[in-house]
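Undergrad: My questions will all concern the structure given below.
The values are calculated or read from the model by the stated rules, or taken from the named source; none is laboratory data. The shown structure was predicted, so the numbers you read here are calculated from the model rather than taken from an experiment. Cβ: placed from backbone, ideal geometry, glycine included. Neighbour counts: every protein chain shown. Note: areas computed on protein heavy atoms with side chains; ligands, DNA, RNA excluded. Shrake-Rupley method; radii C 1.70, N 1.55, O 1.52, S 1.80 Å.
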Amino acid sequence: MSKRLVVALSGGIGGAKLALGLSRVLPADELLVVANTGDDFEHLGLSISPDIDTLIYTLAGINNPVTGWGRRDETWSFMESIGALGGEDWFRLGDRDLALHVERTRRLRLGQTLSEVTSDICRRLGIAARVVPMSDDRVRTRVRSEEGWIDFQDYFVRQQCRPVVHELAFEGVTLARPHADIMAALRSGDVRAVVLCPSNPFISVEPILAIPGMREAIKSSGAPVVAVSPIIGGQAVKGPTAKMMRELGLEASAAGVAARYSDLLDGYIVDHADADGIGNISARVTITKTLMTSLQDRETLARVTLDAADALASPR
Ligand code: FO1
């Protein structure tokens, strides 16, 4: 049996872009996207899963192309009204997006798991690839700044990443069980590649890798592990990756991200802008254009990533 399943770890907007590219170059039953849930939080009495939603809106083609998160063609009546009532309006919830949070919250309260809800929503949105939360157990990324420990979305959105990050913690991760479908896939002996999407390593990928058993299952899957650098020219395409790396005392570079993944990587996809400084990492480096602005870019980067994995898998 030829290895045919691609398992992609994704969080944030960059991750969703590559996941879309992968979904367009692979048959639906050959892609399983593992969604980060460390960014989840309770807000306005709702259970909100930003990285799951960014992923499914993107895969369904209804994401907001400007922000990357939330839905396109949105209206904001709810936000205007909640603000007028003195409610919290710093986390922007469009009217259509709000329906998803309300319905997810209702189902979770009925005892459905996050993955059950996610799977049904994907079906209703016509998404054929499998999207699986990293765990159905609660994991929450928290940030220690000058003012002590704060919730991730408070840091990322309400405070616009201004606080200096001294430490990150994934609350609950040591007790979290990796989703059974992910472990079954990784143990199937059928995995073509494990792809670490171009997301912020700290907030989007490491919560997934920190789940007990996940790293080991990836390493023993027999599949090449290929990461796509989220840094281009020493900067993150979006978000606080480079700032966070500097504040955490790490080299804010493509090589710095590779060092974070250290022994896990077999392949690393790096932008031309970072080709010089990448020489001496152990993973096999592929230099390409990693900035994804068009749909074609997403598909091309997905193909380059899969080709790199296939080259690593085939005997030299
Ligand atoms: N990010 C923002 O910078 N501002 C927002 O108001 C905001 C609202 C929002 C609503 C729903 C959703 O699924 C994501 C949203 N995000 C917003 C993005 C989110 O905070 C981040 O994309 C992830 O948590 C980090 O990757």
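Undergrad: Which value at 222 nm does the chain reach when only helices count, each DSSP H run of 4 or more adding -39,500 (n - 2.57), with the total divided by all residues and rounded to the nearest 500 deg cm²/dmol?
TA: Rounded to the nearest 500, the figure is -10000 deg cm²/dmol.
Undergrad: Round to the nearest 0.05 the FRET efficiency obtained for residue 284 and residue 102 when R0 = 51 Å and r is the Cβ-Cβ distance.
TA: Between residue 284 and residue 102 the formula returns 0.65.
Undergrad: Sort out for me the Cα centre separation of the range 114-190 from the range 8-42, rounded to whole Å.
TA: That distance is 12 Å.
Undergrad: Right, another one. Do you know the relative contact order of the chain, to the nearest whole percent, from alpha carbon pairs under 8 angstrom that are 6+ apart?
TA: The normalised contact order for the chain reaches 20 percent.
Undergrad: Now for a separate question. Which FRET efficiency value, to the nearest 0.05, is calculated for residue 149 and residue 44 with the Förster distance at 25 angstrom and r the Cβ-Cβ distance?
TA: E between residue 149 and residue 44, to the nearest 0.05, is 0.70.
Undergrad: Using just the alpha carbons, could you tell me how many Å³ per residue the convex hull of the range 84-167 encloses?
TA: In the range 84-167, the Cα hull volume divided by residue count equals 149 Å³.
Undergrad: So, one more: Please enumerate, by chain and number, the aspartates and glutamates with C-alpha under 16 Å from the C-alpha of residue 289, excluding those fewer than 8 residues away in the same chain.
TA: 271, 274, 276, 297, 299, 307
Undergrad: Mind checking the angle between helix 50-60 and the chain's longest principal axis? C-alpha axes, 0 to 90 degrees, to the nearest 10.
TA: 70
Undergrad: Between residue 162 and residue 276, what is 0.36 nm times their sequence separation minus the Cα-Cα distance? Round to one decimal in nm.
TA: Gain on extension, residue 162 to residue 276, equals 38.0 nm.
Undergrad: Follow-up. Antiparallel versus total DSSP beta bridges in the range 1-99: what percent is that, nearest 5?
TA: Here the share of antiparallel DSSP bridges comes out near 45 percent.
Undergrad: Expressed as a rounded percentage, what relative contact order does the range 165-295 have, with Cα pairs under 8 Å and six or more residues apart?
TA: This gives 22 percent for the range 165-295.
Undergrad: Also, quick follow-up: For residue 123 and residue 4 in one chain, what is 0.36 nm times their gap in residues minus the Cα-Cα distance, to one decimal in nm?
TA: Between residue 123 and residue 4, full extension yields 40.6 nm more.
Undergrad: Can you give me the accessible area per residue for the range 104-163, using a 1.4 Å probe, in Å²?
TA: With all protein chains present, the range 104-163 gives 51 Å² per residue.
Undergrad: How much of the calculated P(r) for the range 247-316 lies past 13 Å, in percent of all Cα pairs?
TA: Cα-Cα pairs in the range 247-316 separated by more than 13 Å: 67 percent.
Undergrad: Still on this structure, I have one more. Can you tell me the FRET efficiency between residue 174 and residue 296 if r is taken as the Cβ-Cβ distance and R0 is 35 Å, rounded to the nearest 0.05?
TA: The value I calculate is 0.25.
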